[in-house]
Ligand SMILES: Cc1cc2nc3c(=O)[nH]c(=O)nc-3n(C[C@H](O)[C@H](O)[C@H](O)COP(=O)(O)OP(=O)(O)OC[C@H]3O[C@@H](n4cnc5c(N)ncnc54)[C@H](O)[C@@H]3O)c2cc1C
């Protein structure tokens, strides 16, 4: 069957972390072998997404961003480039008693591979990534909502909401948890499901507060959910606060802002969301946390969805990356799985550039699937512990937490030292060099 032409025209659906990282990584890995490589990213929004508050980046996520050339870009953004996080301290909300910490440095306070943790606004990180991609000649097309697609002969055809279509040699579905590339094309059976938990997020100007956070980054545990508080800029002028709370599907229906609602309905929903948060965390013993909870901030609701493991990640000319393939409830740095996907996929694509795409997809799946399934299982275990509970259950949970944190540290050290840019990739048969010779020979004869 070998050799085949490498894909020259690549279409990526979605300009989130997975899509932009894939665009940069493919231009780095495949670009040197395909001089006329064309990469287009189709995004349904009119501009890069500003939603989602601040993301926490682990040392590993930053190593990947550095590999893509994004850390330098982020550092050039000054104070907005994010706040370094040595550790996330864990407290009991009602007693302010310290329980332990998620450390991003080793026992001798050294970073991992040159990086600790970092908290950065999502839009800032995405902007830095897009700047790097644009320099690599990636084309971004905004306001193009993909509705499905088909494969005809050697091409994949993408359909857009406005009735237009475009063709490509390879399509990457990086369109998030509710991915139409998955549900309308690659694996219609696999639907996202609500996890039963939601985030309520806000950003507070520190000038509005009379007290300071005792730690740069902390999570406060309570019976009725957890609250993360963290600085998200280098000058510590902004605090990002995110509550993780249990909400039923009915709660979601009640609290969700919907198109067409008038101003007063929306105002009532915002007020009741704030009251719900204040009821949950009113017993906070930490003055700054109490002030944030009782401030007049608007809290934005983000329901957390997941996709059960298993299912297809590809068809003949389409592959799914990031949340489109495997959404798990977020734990410390879920975004780094999207970056891992992009880097590993691009390396396999370059290595298997003369092999059929289906062979390349299979190799990627074999290298990636177990890691992602393990992460899903772990994230579900952690999220089950966040559900509402009685006072005694909460007491036991806090008591067990310190031993869990020690276990977490040793597991993370191992994970942070692994690197998608270095995972050995099996040799295709025949070797690309042999294929090139064979190909030339075939052409000249
Ligand atoms: C509330 C919340 C908090 C989180 N916090 C963290 C955190 O602190 N740290 C962390 O590492 N991870 C966090 N995560 C997880 C992280 O956000 C995701 O893992 C990551 O965003 C996945 O990236 P992605 O590119 O695969 O998907 P997305 O970021 O969802 O990007 C998908 C893109 O596709 C576009 N798109 C969708 N449909 C279409 C269509 N039909 N046509 C064209 N474009 C389309 C979307 O507009 C979007 O731009 C959090 C997740 C949630 C929900």
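Return the pairs, sorted by first residue and then second, in which the second residue is within 7 Å of the ligand (Cβ to nearest atom) and at pLDDT 90 or above, the first residue lies in the range 49-65 and is more than 23 Å from residue 244 (Cα to Cα), the beta carbons are less than 9 Å apart, and the residues are 6+ apart or on different chains.
Within 9 Å, the pairs are 65/57.
So which residues in the range 133-157 are closer than 17 Å to residue 18 by Cβ and crowded, with 23+ Cβ neighbours inside 10 Å, if there are any at all?
133, 138, 146
Within the bounds of the range 44-52, is there any residue that is within 16 Å of residue 324 (Cβ to Cβ), at pLDDT 90 or above and away from the ligand (no atom under 13 Å from the Cβ)?
no
Name the one entry in 221, 227, 213, 200 that is assigned to a loop (DSSP other than H, G, I, E, B) and either touching a residue at least 24 places away in the same chain (Cβ under 8 Å) or surrounded by fewer than 21 Cβ atoms within 10 Å (Cβ to Cβ) (or both).
When all the criteria are applied, what remains is 213.
Go through the range 1-62 and tell me which strands (runs of 3 or more DSSP E), entirely inside it, have 2 or more residues that are farther than 17 Å from residue 134 by Cα.
54-57
Taking the criterion of being at positive phi, more than 14 Å from the ligand (Cβ to nearest atom), surrounded by fewer than 17 Cβ atoms within 10 Å (Cβ to Cβ) and not in a helix (DSSP H, G or I), would at least one residue in the range 308-325 satisfy it?
Yes, that holds for at least one residue.
Answer yes or no as to whether residue 257 is over 16 Å from the mean Cα position of the chain (by Cα) and in contact (Cβ under 8 Å) with a residue 12 or more places away in the chain.
yes
Could you please give the count of residues in the range 33-43 that are more than 16 Å from the ligand (Cβ to nearest atom) and touching a helix residue (DSSP H, G or I) at 6+ places or on another chain (Cβ under 8 Å)?
Result for the range 33-43: 2.
Identify the single condition in (1) within 13 Å of the ligand (Cβ to nearest atom); (2) assigned to a strand (DSSP E or B); (3) touching a helix residue (DSSP H, G or I) at 6+ places or on another chain (Cβ under 8 Å); (4) under 27 Å from residue 230 (Cβ atoms) that residue 149 does not satisfy, given that it satisfies every other one.
Exception for residue 149: condition (4).
The values are calculated or read from the model by the stated rules, or taken from the named source; none is laboratory data. The shown structure was predicted, so the numbers you read here are calculated from the model rather than taken from an experiment. Using ideal geometry, Cβ is built from the backbone for each residue, glycine included, and neighbour counts are taken over all protein chains shown.
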